[in-house]
Every structure is written in C-alpha cells, then in structure tokens.
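Asks: Before I ask anything, here is the structure I am working with.
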Amino acid sequence: MKLNMNWGTGIFLSFLGFIVVIMTMVTISVRMDGIELVTESYYEKEIVYQDQIDKEQATLDQNKDIMTFDIKAKVILVDLPSGASGTLHLFRPSDAALDKKIKLDGNSQRVIEVPTDQLKSGYWKAQLNWEENGVEYYQEKKLNF
C-alpha cells in the first residue's frame, strides 16, 4: 500500500507533533517535585536588602575571617568575638528539609566548633549572622563535602 502524502498533510502532522511535544513538556514541568524557593518571604527580604549589604560591608571592614571550614575534622570553626551572639544557618539549596539553624554565643568559648559529619554530603551554604556592640555582621561560605 502506497501512502499518498501531500504538503497539507505534512504541515498538519508537523504542527500536531509540535503540539504533542509542547504539551508533554508542560505536563512534566507541572508535575515536578522538589522545586524549593530559597526563602518563603522573598519579596520582604528584597526590600530590606540594603541592610544585608551593610552587614556584609561591616564584616569586610574587619579584615578577619570569622568562619572557616576544617575538611579533615569535618567541623565549621566560628571565631566570634567575646560578647557577640549570632546564628549559623546551614542552608541546603537542593532540599529545604535538610536546613539547620544553630544559635551561637561568643561568651561560652573563643572558637566554636560546629560538627558537619551528620550533614548529608553535597553542596551547602553556611550563613553566619552575628551582632557585636550593636553592629550586625554577616558572612557566607560555600561548602562542598
């Protein structure tokens, strides 16, 4: 049997194939799980972003690295000044359920060790916010272990 196909049939089948491919892609993208927002209150944080820039600049003005990562010991070392207090947010961009927030107090000891051996291996961001003498600071490190 010979299939007789003309220009009109070819154009119609091309459009039909294109529509099927697009609808398949839309269906797959709508059903995707695990798409996480970086933060729930994105717009509110965007409005006060200048405060974040000021915190980062205050940290840079200190010329001191407050947070370091020891790969062999699998710990984050936080050297908070005496009298400072803050929060360490271990942020996992691929899965918000793995995020951890740890309260830190500079009065307890000079260098605070935060173990990372219980964290799932992969890409993390360690975000440190602290306050000293009424001035707020912020430092962020990217970790991959």
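Asks: Would you mind finding the one in Ile76, Ile71 that is in contact with a strand residue (DSSP E or B) (Cβ under 6 Å, 6 or more places away or on another chain) and within 20 Å of Phe145 (Cα to Cα)? Talk me through it step by step, then tell me what you get.
Replies: Working: Ile71 fails: in contact with a strand residue (DSSP E or B) (Cβ under 6 Å, 6 or more places away or on another chain).
Among Ile76, Ile71, only Ile76 is in contact with a strand residue (DSSP E or B) (Cβ under 6 Å, 6 or more places away or on another chain) and within 20 Å of Phe145 (Cα to Cα).
Asks: Another one. Asp33: in a loop (DSSP other than H, G, I, E, B), modelled with pLDDT under 90 and open to solvent by 80 Å² or more (accessible area, probe 1.4 Å), yes or no?
Replies: Working: in a loop (DSSP other than H, G, I, E, B): yes; modelled with pLDDT under 90: yes; open to solvent by 80 Å² or more (accessible area, probe 1.4 Å): yes.
Yes.
The values are calculated or read from the model by the stated rules, or taken from the named source; none is laboratory data. It should be emphasised that the depicted structure is a prediction, and the values quoted were computed from it without experimental measurement. Please note: Cβ atoms are built from the backbone with ideal geometry, for glycine as well, and neighbour counts cover all protein chains shown. What goes into the accessible areas is simple: the full protein's heavy atoms, side chains included, and nothing from ligands, DNA or RNA. Shrake-Rupley method; radii C 1.70, N 1.55, O 1.52, S 1.80 Å.
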